[in-house]
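Visitor: Please find one structure pasted underneath; my questions will follow.
The values are calculated or read from the model by the stated rules, or taken from the named source; none is laboratory data. All of these numbers come straight from a predicted model, not from anything done at the bench. Positions of Cβ are generated from backbone atoms using ideal geometry, with glycine treated the same way; all protein chains shown enter the neighbour counts. Each accessible area value is taken on the protein alone, full model and side chains, heavy atoms only, with ligands, DNA and RNA left out. Shrake-Rupley method; radii C 1.70, N 1.55, O 1.52, S 1.80 Å.
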Amino acid sequence: MARVMADCRRFESDANCSLTIIGEEAEVIATAAQHAEAAHSHADTPELREQIRAMLEPEAEYVPGARAAEPFPA
């Protein structure tokens, strides 16, 4: 199974978060949901987990260092 990443650097945020989570899809979604709740005050809901799933990127696209942030999808 392909590894994926959730990269907080990808989106603008008040926290200016730099966390990147890489692993199997299920563990990345679970960990990213916990992080979104703890660090960004989002509720851990099925809808949030679907948003996270939609924003996952292939592990191979990881680039260390700074990343230009884009607006968070509505």
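Visitor: Based on alpha-carbon positions alone, could you give the equivalent ellipsoid semi-axes of the stretch 34-74 from the gyration tensor, as √(5λ), descending, whole Å?
Guide: After diagonalising the Cα gyration tensor, the semi-axes are 21, 13, 11 Å.
Visitor: Would you please give the residues with an amide H less than 5 Å from that of Met5, counting only those at least 5 places away or on a separate chain, with H modeled from the backbone geometry?
Guide: Residues meeting the criterion, in which the H sits 1.01 Å from N, are Glu57, Glu59.
Visitor: On to the next question. Using a Gaussian network model of the chain with C-alpha springs under 10 Å, which one of Ala60, Ala33, Ala43 is most mobile by mean-square fluctuation?
Guide: Between Ala60, Ala33, Ala43, it is Ala60 that shows the largest mean-square fluctuation.
Visitor: Over the chain, what is the mean sequence separation of C-alpha contacts under 8 Å (at least six apart), divided by residue count, expressed as relative contact order in percent? Don't skip to the end; give the middle numbers.
Guide: On the way: 95 pairs, mean separation 30.3, N = 74.
Taking the mean separation of contacting Cα pairs over the length of the chain, I get 41 percent.
Visitor: Mind checking the chain for GluC sites (Glu not before Pro) that DSSP puts in a loop (not H, G, I, E or B) and that have at most 13 other Cβ atoms within 10 Å? Walk me through the intermediate numbers first.
Guide: Values: sites: Glu12, Glu24, Glu25, Glu27, Glu37, Glu47, Glu50, Glu59, Glu61; in loops: Glu12, Glu24.
Within the chain, the qualifying GluC sites (Glu not before Pro) (loop, at most 13 other Cβ atoms within 10 Å) are Glu12, Glu24.
Visitor: While we're here: For Ile21, what is the net charge nearby, where nearby means another residue's Cβ is under 9 Å from its Cβ and Lys, Arg count +1, Asp, Glu -1?
Guide: -2
Visitor: Same structure, new question: What ranking of Arg3, Arg10, Arg49 comes out by heavy-atom accessible area, probe 1.4 Å, highest first?
Guide: These residues rank, largest area first, as Arg3, Arg49, Arg10.
Visitor: Treat every Asp and Glu Cβ in the chain as -1 and every Lys and Arg Cβ as +1, leave all other atoms uncharged, and give the resulting dipole magnitude about the Cα centre to the nearest 20 debye.
Guide: For this selection, approximately 140 debye.
Visitor: How much accessible surface does Phe72 have with a 1.4 Å probe, in Å² rounded to 10?
Guide: 100
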